[in-house]
Amino acid sequence: MTSHDPIITVVAADDPRILRLVRDLDADLAARYPDEPCTGGAHIHPAIRFLLAEVADRPVGCCAVQPFPSPDTAAELKRMYVAPQARGRGIAARLLAQAEHTATVLGHGEMRLETAVHQPEAIALYSRAGYTPIPNYPPYQHKTLSRCYAKPLPLSASGPHLT
């Protein structure tokens with residue numbers, strides 16, 4: 001591992017580093033979708049797990065894994081973001097892989113996500129990682145700019161044990 005490789009850790013949703021990155025994500029989304037209010041934080045579940053990517057002790061990216069409401073057993077990828085100065089280094093792919101691992105360890109057999117048409121780099125990332133388009137799920141079912149994707153995850157042999 002070099003000094004440019006990200007270190008990814010699980011952190012609290014109210015961690016100041018996460019809050020800063022999420023503010024930056026919201027600003028990015030507002031610029032891409034000026035006519036759409038950003039509601040990314042409106043559907044946050046109390047059981048959400050945030051992942052923070054840092055390079056040389058500097059926060060450069062984040063994402064979160066949260067369960068869908070029972071009885072659904074899938075997880076949802078939320079709040080994926082890599083700071084512009086850190087893009088192009090594979091950090092998003094590493095965050096995504098770690099999010100999938102986290103979901104698997106928590107016992108989720110599928111990961112779903114929502115992105116939108118003006119985020120071609122995100123759509124390309126998810127497609128490369130094996131995600132396939134699915135019908136838009138609530139609360140995105142009536143959003144014409146939204147695109148939803150899903151990927152089956154391997155079942156963890158050891159069952160849930162992530163804290």
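Any read-out appearing in this document is the output of simple, stated calculations on the displayed coordinates, not a laboratory observation. Being a predicted model, the structure only gives us computed values, none of them experimental. Virtual Cβ from ideal backbone geometry, glycine too; neighbours counted across all protein chains shown.
Given axes a ≥ b ≥ c from the Cα gyration tensor, I'd like to know whether segment 100-143 is rounded (a/c under 1.5), prolate (a/b larger than b/c) or oblate. Oblate shape, in that a/c is at least 1.5 and b/c is the bigger or equal ratio. A Förster distance of 45 Å, applied to the separation of the beta-carbon atoms of ARG58 and GLU36, puts the FRET efficiency at 0.90. Placing a pseudo-label 7 Å from each Cα along the Cα-to-Cβ vector at ASP5 and THR132 gives an inter-label distance of 3.3 nm.
The alpha carbon convex hull volume per residue for segment 63-105 rounds to 51 Å³. Counted residue by residue at 0.36 nm each, then reduced by the alpha carbon distance between them, the extension gain from LEU145 to ALA27 reaches 40.7 nm.
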